[in-house]
Structure formats: C-alpha cells, structure tokens
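The structure appears right after this line, and notes come after that.
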Amino acid sequence: MSFDLIVKGGTLPDGTVADIGIKGEQIAAIEPRIDAAAGRVVDASGNLVSQPFVDPHFHMDATLSYGLPRINVSGTLLEGISLWGELKPLLTHEAVKERALAYCDWAVSMGLLAIRTHVDTCDDRLLAVEALLEVKKEIAPYIDLQLVAFPQDGLYRSPTARANTIRALDKGVDIVGGIPHFERTMADGTRSVTELCEIAADRGLMVDLHCDETDDPLSRHIEQLAYETQRLGLQGRVAGSHLTSMHSMDNYYVSKLLPLIAEAGVSAIPNPLINIMLQGRHDTYPKRRGMTRVPEMLKAGIRVGWGQDCVLDPWYSLGTADMLDVAFMGLHVAQMSSPADMRRCFDMVTKVNAEIMGLDHLGLEIGKTASLVVLDAGNPVEAVRLRAERLCVVARGKVVAERSKRDTALSIKGRPASINRRHVVPPQAN
C-alpha cells in the first residue's frame with residue numbers, strides 16, 4: 001500500500017509510538033512501523049501526535065474587535081454586553097467576515113480545527129449570521145465550524161430576538177442557544193429555557209445555552225435545562241456553558257443538582273480564562289474564582305470540556321487561539337494537579353470537546369478523518385505545561401501549518417549549548 005502522507009515515529013497520547021498512514025482525507029493505518037511509499041513524510045520522532053484541538057464555546061462575530069468603539073473599562077460581563085450593543089450597529093458584513101477569517105488562520109496555526117461559535121441574533125439585519133455562514137463554507141476544507149443561534153440580549157428581553165433566532169435557524173445555523181440569566185426576570189429565564197429546548201426538539205437540533213453566567217447563587221437555570229433535556233429526550237445533545245453561579249451555590253443544593261445534570265446527560269463547558277476574568281468583580285476579598293465546580297462535576301460523571309470563549313473582543317483583551325492556554329488556566333483554577341487530572345485537562349481540549357460537539361469523525365483511529373497535530377512535547381501533560389509549539393498541523397489529510405523546532409541557544413561557560421525546557425518525568429510520577 002502507498003500513502004499520500006505518513007507521520008512517522010510520533011508518540012500518541014496513550015504513550016504508544018507509531019507511524020500514521022494517510023490516504024486522501026482518512027487515516028488508513030496506525031502501525032509501529034510503516035515501510036511504504038508516500039507522497040510526503042512528516043518526521044514526528046520524539047514528539048507528541050494528537051487529534052486536533054477543539055473549542056466548543058467561542059464568539060467569532062466579535063473576535064479581534066478589541067478597542068471598537070472603546071474598551072471595557074470595568075472589565076465586567078455587563079459592560080461587555082453593553083459595549084457589544086454599541087458595536088453592533090457599526091458592524092459590516094465585510095469586517096465581521098475578515099476578522100473571523102483572520103482568527104481562523106490563527107486557529108489553524110495552533111492546531112485548532114473545530115470551533116463552535118455563538119452568533120448574535122438580536123441584530124435584525126442578521127448580518128453576523130450571514131457573514132459566518134459564508135465563513136463556515138469557506139473554511140470547511142480545514143475547520144469544522146458550528147454556529148449557535150444566540151439571542152445575546154435575551155430571547156424575550158429583546159423584542160425581535162425570538163423571531164430572529166428562528167430566522168437564523170431557517171438560514172442553516174446549527175444549534176439553538178440562549179441566555180436565560182439575562183432575561184428581565186428569573187421566571188422569563190426559566191420560560192426561555194423551556195421554549196428554546198422545545199424549538200431544538202422540534203427541529204432535531206442540539207442546544208447550547210449560556211447558563212447562569214453570574215455570581216448570583218440563586219441563578220439556577222441549569223436545573224431547568226436538565227429537566228427539559230429529559231422531558232424532551234434531548235440527552236447527549238445539550239450543553240450548559242459557563243455555569244459560574246454554581247461556584248457560589250449552597251453545597252446542599254449542589255449535591256442535588258449534579259446528579260440531575262449527570263442523569264440528563266447534559267455537558268458542561270466552563271471557560272476558565274474568561275470566567276475568572278469577568279466573575280467576582282463585585283467582591284472585595286476574599287474574591288471568588290468564579291468558575292464552576294469542575295472536579296465535582298467530573299466525579300459525578302458529567303462530561304466537561306474547556307472552552308476559549310473570547311479573543312480580543314469586548315469581554316476579553318487577550319487570547320491567541322491556543323487551547324493549551326485554556327487547559328493550563330483551567331488546570332490551575334480547578335486545582336487539577338494530579339497526573340491523571342492534568343492528563344484529563346488535555347483530553348478536555350481535544351477528545352472530550354469533540355464528543356460534546358458530536359464530531360465523531362475526529363480521532364486517532366483508522367477510518368477517522370486525518371486531522372492531527374504534532375506538538376513539541378513528549379506527552380499530554382508536558383504539552384499543557386509548555387503550551388507546546390505546534391510543529392505540524394494536518395487537516396483532512398493535508399499539511400496546513402508547520403514550523404521548525406527551535407531550541408534556545410545559550411552562551412554560558414560550562415553549560416549546554418541549547419535548551420528547550422522539555423523534561424523527562426520519573427515513571428512513578430506518570
């Protein structure tokens with residue numbers, strides 16, 4: 001057998017050293033050694049080879065707009081929403097598309113080959129919806145892009161949001177979104193969860209709600225989301241994003257809530273970079289971290305994946321499309337420091353996020369789509385520690401990004417000529 005591409009000698013996330021043979025857009029072989037002709041060979045010896053990074057929560061309609069028309073002075077979620085409201089009338093189709101495509105270039109360079117983005121449906125023009133539908137089509141050869149119809153200003157709070165959300169779904173937007181905690185009353189928030197889930201059930205769609213992104217411990221819309229998921233038979237198709245109010249909830253209530261979420265098969269998508277930046281802004285000291293209870297969710301059997309959320313937009317002034325940054329921050333804030341937990345944080349930006357998004361075609365298995373990344377690291381934990389360089393990115397069987405491995409030269413008498421900060425961990429620590 002001959003191959004279009006062979007990735008040779010890489011270390012897979014489970015520690016196996018293998019060659020990966022690719023034909024067309026699929027993985028055709030994974031073997032200890034492949035001696036066959038190939039159109040191209042990528043030498044991955046000594047480096048980690050992983051399935052691509054996946055981001056299940058992003059805002060591509062706002063990305064790279066930082067500073068337009070001003071910056072978020074208070075750093076709060078609510079000022080960010082207000083600022084986005086000022087920016088929306090100024091948006092043009094061309095600018096939204098240009099910024100989104102630029103971000104996708106960044107994503108490819110970082111091995112981020114699947115993104116779920118929320119797109120605001122409270123603009124009667126649906127300008128961003130139409131721009132991102134075009135982006136989705138253009139980047140399809142190398143990035144899987146899912147769009148969420150997101151009534152940013154509230155399904156009921158914004159007069160035309162409900163009708164616009166339906167219009168967006170009719171245009172081909174993939175997933176039903178919402179923001180129940182931003183409605184005018186808790187009752188309206190609860191009612192919006194019910195209606196949005198019913199819309200998804202009627203259309204056979206997935207659901208991903210911004211849910212309880214607040215410090216208010218009485219914001220409990222995740223409970224309603226779990227209930228509607230079971231009532232409507234949506235198990236496995238629903239995600240609650242953020243869930244930051246759980247950080248402040250009564251422990252007894254949480255002990256009841258977590259089993260309900262697990263029983264309903266609702267996934268959780270915390271966004272550690274943004275959650276710890278925006279939440280707790282009204283606290284003095286001690287300040288709440290503002291991130292949901294990730295270790296407890298994992299222990300309860302809830303599927304949890306890390307999300308990026310924002311890059312250079314009204315809510316967040318940093319970001320580089322690096323999901324290892326997200327995993328690194330999540331690991332620290334959730335205090336997931338055991339070897340198994342650190343490894344799990346890597347899975348939470350690759351394998352688990354692909355599962356949340358229903359991307360069954362991704363994975364390092366024969367017959368799966370040949371999308372993968374070669375990292376300058378020896379294992380998943382080292383990749384998170386170093387936020388490892390992406391040496392080669394393969395999307396659907398084609399090399400789409402690559403860079404040379406670069407060590408740092410030293411000029412110190414008696415010391416090595418170069419260093420790279422990789423480190424062999426004793427076996428008992430793995």
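Odds and ends about this structure:
- Max-minus-min Cα coordinates of the chain on each principal axis give 64, 46, 44 Å, with the largest extent listed first.
- Residue separation of residue 137 and residue 33 scaled by 0.36 nm, minus their Cα-Cα distance, works out to 33.7 nm of gained length.
- Annotation: residue 344 carries an accessible surface of approximately 100 Å², with a 1.4 Å probe and no ligand, DNA or RNA atoms counted.
- Environment charge of residue 138, counting only residues whose C-beta is closer than 12 Å and scoring Lys/Arg +1, Asp/Glu -1: 0
- Helix 323-333 and the longest principal axis of the Cα set of the chain meet at an angle near 70°.
- Hits among lysines - C-alpha to C-alpha of residue 8 under 27 Å, sequence gap 8 or more where chains match: 23, 351, 368, 398, 405
- Prolate/oblate/rounded label for the range 307-374 (Cα gyration tensor, a/c 1.5): oblate
- Where the Cα pairs of the range 193-346 fall when distances are cut into 10 Å bins, in %: 11, 39, 36, 13, 1
- Dipole moment magnitude, nearest 20 debye, the range 92-232 about Cα centre, only Lys, Arg, Asp, Glu C-beta charged: 240 debye
- Under 16 Å from the Cα of residue 287 - aspartates and glutamates, other chains or at least 8 residues apart: 215, 216
- Residue among 106, 13, 297 farthest towards the positive dipole end of the chain, charges placed on Cβ: 13
- When the P(r) of the range 1-101 is calculated, the portion above 21 Å amounts to 56% of the C-alpha pairs.
- In the chain, the longest principal axis of the Cα atoms and the axis of helix 127-139 are about 20 degrees apart.
- The range 288-362 versus the range 153-174: alpha-carbon centroid distance in Å: 28 Å
- Accessible surface calculations at 1.4 Å, restricted to protein heavy atoms, place the range 356-430 at 57 Å² per residue.
- Peptides ranked, highest mean first, by Cβ atoms within 10 Å: ranges 80-89, 199-208, 120-129: 120-129, 199-208, 80-89
- Å² of accessible area per residue within the range 56-195, as computed with a 1.4 Å probe and no ligands counted: 36 Å²
- What you get for the range 307-430, charging only the Cβ of Lys and Arg (+1) and of Asp and Glu (-1), is a dipole of about 640 debye around the Cα centre.
- Listed by chain and number, the lysines placed with their C-alpha closer than 27 angstrom to that of residue 171 are 88, 97, 136, 137; residues fewer than eight positions away on the same chain are left out.
- Of the solvent-accessible surface of the range 177-285, computed with a 1.4 Å probe over protein heavy atoms with every protein chain present, carbon and sulfur atoms account for 52 percent.
- For q = 0.18, 0.23, 0.24, 0.25 Å⁻¹, Debye-computed log10 I/I(0) when each Cα of the range 84-157 counts as one equal scatterer: -0.72, -1.06, -1.12, -1.18
- Viscosity 1.002 mPa s, temperature 20 °C, Stokes-Einstein D of the range 215-304 from Kirkwood C-alpha radius, µm²/s: 161 µm²/s
- Residue 287 paired with residue 82, simple spin-label distance in nm, labels 7 Å along Cα-to-beta-carbon: 2.0 nm
- In this calculation the C-beta distance from residue 404 to residue 106 is compared with R0 = 30 Å, giving a FRET efficiency of 0.95.
- Relative contact order %, the range 52-355, counting alpha carbon pairs below 8 Å whose residues are six or more apart: 20 percent
- Remark: the chain carries a charge dipole of roughly 1080 debye about the Cα centre, counting +1 on each Lys and Arg Cβ and -1 on each Asp and Glu Cβ.
- Value of [θ]222 nm, deg cm²/dmol, for the chain, DSSP H segments ≥ 4, -39500 (n - 2.57) each, nearest 500: -10000 deg cm²/dmol
- Cα shape, the range 223-271, gyration tensor, a/c 1.5 rule: oblate
The values are calculated or read from the model by the stated rules, or taken from the named source; none is laboratory data. Note that the structure is a prediction, hence the values are computed from the model and not measured. No Cβ is skipped: glycine too gets one built from the backbone with ideal geometry, and neighbour counts run over all protein chains shown. Areas reflect the complete protein model, heavy atoms only, side chains present, ligands, DNA and RNA absent. Shrake-Rupley method; radii C 1.70, N 1.55, O 1.52, S 1.80 Å.
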